[in-house]
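Asker: Got a structure for you, written out below as structure tokens; questions coming shortly.
FYI, it's all coordinate maths here, none of it is from the lab. These figures come from a predicted structure and were not determined experimentally. Counting neighbours? That spans all protein chains shown, and the Cβs are built from the backbone with ideal geometry, glycine included.
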Amino acid sequence: MAKSGATAAVRADGRRSYNRRTYEKKLAAVTAVCARIEMGETLAEACRCPTAPPWSSLQWWLGRYPELRAMVDASQAVAAEAFGARRAPYRRWAPEIAAEVLARVEAGRGLDEVCAQPDMPAYSTVMRWVKERPDFYQAYMLARATQADRLFDLAWRIALEAEEDSTRTARLKIQTLKWRCAKLAPRRYGTQRAQPAEDAVAEVAPTAAKPVVSFEIRRFAATPDGQVVETTRAVRGMSREAVVAFHQAIREGRITLAELDARMAGGEPAMVGPEPGVPGGVHGGD
């Protein structure tokens, strides 16, 4: 048996599974549903909210607890007096209604809040427009980006109006608004530096080549008197063993600085004279 207050899981068919709640949580959930009903939503529309109980669960609660049924009936009566007994939803595309939806989104409201108004289409209707109409989808995304500017200004106003006893609440609101701004307009309010689009880069510099970065390992050796000299070009092409032997020859004085300078200027692999244990000298190798 699931514990009280546990998060509802999603079944394989996409529907939310039953979530057993205490009476206090049922009362809070029904109160939230009643508030949405009084704003003009139907009971079915209120139950579509992700934080609301499913329709079947709510009906079971209303049948078991008469006081909860009375709360819903009272809210429906208030909505009927304010908006009429029946509210005809907008189910067909209407440019003027779509423009009003976008205007309210730009003003800083959430789409769920906009669709809760009695003169607006249902949330599912607007989502269908977004999926089926590319022009409305582009306008909706632009409205969401514009909404970030309104929320940014709202965060500043909350900061200015915060008092000493409301600082903690104001900080939570500002952090939430900052997160929403970063998600709605990441190029302006995101934490990561905005990167230009590939098409824009191609238009600005269509023939610009990528810079080529090369690295070279510089090598040094010590002379018998402790002076450090560079041997990079002189040992170029040598194997590791040959480089070690060449540096040993410099350290022992068998290669003078003049000889080293000549080999460095020529850029050819250096040749070290014969020494015990190394027949024929040391030379560059692959």
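Asker: Return the tail of the calculated pair distribution for the stretch 95-190, meaning the percent of Cα-Cα pairs more than 17 Å apart.
Answerer: Details: 2513 of 4560 pairs.
For the stretch 95-190, the fraction of Cα-Cα distances above 17 Å is 55 percent.
Asker: Any idea what the dipole of the stretch 23-83 comes to, in debye rounded to 20, about its Cα centre with Lys/Arg Cβ at +1 and Asp/Glu Cβ at -1? Present the calculation step by step, with values, prior to reporting the outcome.
Answerer: Details: 6 positive and 7 negative charges, 57 e Å.
It comes to approximately 280 debye.
Asker: Compute the length gained on full extension between Val130 and Ala80: take 0.36 nm times their separation in residues and subtract their Cα-Cα distance, giving the result in nm to one decimal. Let's see the in-between values first.
Answerer: Numbers: separation 50, 0.36 × 50 = 18.00 nm, distance 3.02 nm.
That works out to 15.0 nm of additional length.
Asker: Sticking with this one: What does the charge count near Arg109 come to, summing +1 for each Lys or Arg and -1 for each Asp or Glu among other residues with Cβ under 13 Å from its Cβ?
Answerer: On the way: positive: Arg104, Arg144, Arg150, Arg180; negative: Glu100, Glu106, Asp112, Glu113.
Overall, the nearby charge balance is 0.
Asker: On to the next question. Compute the length gained on full extension between Lys183 and Tyr23: take 0.36 nm times their separation in residues and subtract their Cα-Cα distance, giving the result in nm to one decimal. Mind showing how you got there, number by number?
Answerer: Working: separation 160, 0.36 × 160 = 57.60 nm, distance 3.64 nm.
Stretched fully, the Lys183-Tyr23 segment lengthens by 54.0 nm.
Asker: For the stretch 23-83, what does the alpha-carbon gyration tensor say about shape, rounded, prolate or oblate, given a ≥ b ≥ c as the root eigenvalues, a/c under 1.5 as rounded, and a/b over b/c as prolate? Working shown, then result.
Answerer: On the way: a/c = 1.86, a/b = 1.31, b/c = 1.42.
Since a/c reaches 1.5 but b/c is at least a/b, the shape of the stretch 23-83 is classed as oblate.
Asker: Further, regarding this structure: Determine the shape class of the stretch 43-163: with a ≥ b ≥ c the square roots of the Cα gyration tensor eigenvalues, call it rounded for a/c under 1.5, and otherwise prolate if a/b is greater than b/c, oblate otherwise. Show your work: numbers first, answer last.
Answerer: Working: a/c = 2.20, a/b = 1.42, b/c = 1.55.
It comes out oblate by the Cα gyration axes.
Asker: Related question: What FRET efficiency do you get for Thr232 and Thr191 if R0 is 41 Å and r is their Cβ-Cβ distance, rounded to the nearest 0.05?
Answerer: Details: r = 43 Å, r/R0 = 1.06.
Calculated transfer efficiency: 0.40.
Asker: Here is a follow-up. Pop out the ³J(HN,Hα) list for the stretch 137-149 in order, Karplus 6.51 cos²θ - 1.76 cosθ + 1.60 with θ = phi - 60°, rounded to Hz; leave Gly and Pro as x.
Answerer: For the stretch 137-149, the Karplus curve yields 4, 4, 5, 5, 5, 5, 5, 5, 5, 5, 4, 4, 5 Hz.
Asker: Taking the Cα centroid of the stretch 144-166 and of the stretch 218-253, what is the distance between the two, rounded to the nearest whole Å?
Answerer: 67 Å
Asker: Label-point separation (nm) for Ala170 and Phe220, each offset 7 Å from Cα along Cα-to-Cβ?
Answerer: So the two model labels end up 5.8 nm from each other.
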